Amino acid sequence: MSLGPATAQGGAGRFFDDFSDADLTGLRAAGWTPRTAAGHPGVPGAQWGESQLRLIDDPALKGNRLLRLSAETDGTGPGTRQAQLCQQRKFFEGTYAARIRFSDAPVQGVDGDPVIQTFYAVAPLRHDYDPQFSEIDWEYLPNGGWGSDRTRLYGISWQTVRIEPWDAHNGSHEEMGALGAGDAAWHVLLMQVSGGRVRLFLDGRQVAEHGGRNYPVVPMSINFNLWFSPGGLLPASAVTRRYEQDVDWVFHARNEVLGPPQVAAAVADYRRRGLAREDGVPASQPALDSRCDF
């Protein structure tokens, strides 16, 4: 299905969150769910909890606030805590974007654990090789992972997968190099989902296009998570290693194909009008499972 021409108009079909709430209570009221359930992905035995999510003042911009995810590990499963926040499962075709600060090094402890920093949309994997599984995601691996020690950003569009033993069917792109240091740590990630094609943009530059069977088929939830790859943790230590990932804003335009300049203009307009949140994306009918554990 081909979507209509791109527009820069706000209103119906737009979703925006500036993460300006005082605490997580406001996020929950807006349809966000902090994950607390154990399980995939990440280190076996790790915990997921609300304590790994905070809303903080932006140290670089007075009056702005950020969503902060933190994940920590002492090298053991029980000593690992990971973070995830998910929206309702009602997003499908259109444009997705978020401004994210990646981290190349921990804020506490020694560097080297295979940490994964993400922004993605997903529908649940109900069983191995589920034909309705849908996922489009960005994964930043500052310390490598997935069989390579190279620092890189993955852009992935999924067809389906079997978790154990691992067998993935997807289209992927690897953007090599560090993205999480100093003033250059902030990035805008954008995904256009339209007409059987997924186009991925990093900081305004298209880096990949996927299609065919690697295209979503059902509504998805918007997610952010910060976790550790189950293989390759540094040895257990009394000093916990802690990583952080910040999110400035997230945006979705339902059934609209917007380029990076149009998304930037839409976000600037929200901020000019002092509108910290808008949700014009209708709920799925019937309602779909919006658990935060897949």
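The values are calculated or read from the model by the stated rules, or taken from the named source; none is laboratory data. Quantities reported herein were computed from a predicted structural model and do not represent experimental measurements. Here the Cβ positions follow ideal geometry from the backbone for every residue, glycine too, while neighbour counts run over all protein chains shown. Remember, those area values only see protein heavy atoms, side chains included, never the ligands or the DNA or RNA. Shrake-Rupley method; radii C 1.70, N 1.55, O 1.52, S 1.80 Å.
Of the chymotrypsin sites (Phe, Trp or Tyr not before Pro) found in segment 98-169, the ones in coil according to DSSP and having at most 10 other Cβ atoms within 10 Å of their Cβ are 166. For the pair segment 192-253 / segment 60-91, the C-alpha centres are spaced 13 Å from each other.
Taking all protein chains into account, the per residue accessible area for segment 79-142 stands at 26 Å² (1.4 Å probe). Mean projection of the Cα convex hull over all viewing directions, computed for the chain: 14.4 nm². Using a Gaussian network model of the chain whose springs link C-alpha atoms within less than 10 Å, name the residue from 184, 60, 265 with the highest mean-square fluctuation. Greatest mean-square fluctuation among the candidates belongs to 60. Taken about its Cα centre, the chain carries a charge dipole of about 600 debye when Lys and Arg each add +1 at the Cβ and Asp and Glu each add -1 at the Cβ. Normalised Debye scattering of segment 92-199 at q = 0.09, 0.11 Å⁻¹ gives log10 I(q)/I(0) of -0.26, -0.39, counting only Cα atoms as equal scatterers and leaving out solvent.
Note on the chain: with neighbouring protein chains present and a 1.4 Å probe, carbon and sulfur make up 52 percent of its accessible heavy-atom surface. When the Gaussian network model of the chain links Cα atoms closer than 10 Å, the mean-square fluctuations of 99, 28, 277 top out at 28.
Ranking 173, 127 from most to least accessible surface, computed with a 1.4 Å probe over the protein chains only, gives 127, 173.
Sequence-ordered 3J(HN,Hα) estimates for segment 126-139 from the Karplus curve with 6.51, -1.76 and 1.60 and θ = phi - 60° stand at 6, 6, 3, 6, 4, x, 9, 4, 9, 7, 10, 8, 10, 9 Hz, glycine and proline given as x.
The share of Cα pairs per 10 Å bin across segment 140-278, counted from zero up to the longest distance, runs 9, 32, 37, 18, 5, 0 percent. Where only DSSP H runs of four or more residues are counted, the chain gives -2000 deg cm²/dmol as its mean residue ellipticity at 222 nm, each run worth -39500 (n - 2.57).
Scattering from the C-alpha atoms of segment 203-289 alone, worked out with Debye: what is log10 I(q)/I(0) at q = 0.15, 0.18, 0.26 1/Å? The computed values of log10 I(q)/I(0) come out as -0.95, -1.14, -1.47. From the Kirkwood radius over Cα pairs of segment 136-181, Stokes-Einstein at 4 °C and 1.567 mPa s returns a whole-number translational diffusion coefficient of 114 µm²/s.
Karplus-derived 3J(HN,Hα) values for segment 193-206, using 6.51 cos²θ - 1.76 cosθ + 1.60 with θ = phi - 60°, are 10, 6, x, x, 10, 10, 10, 10, 10, 10, 6, x, 10, 5 Hz; glycine and proline are entered as x.
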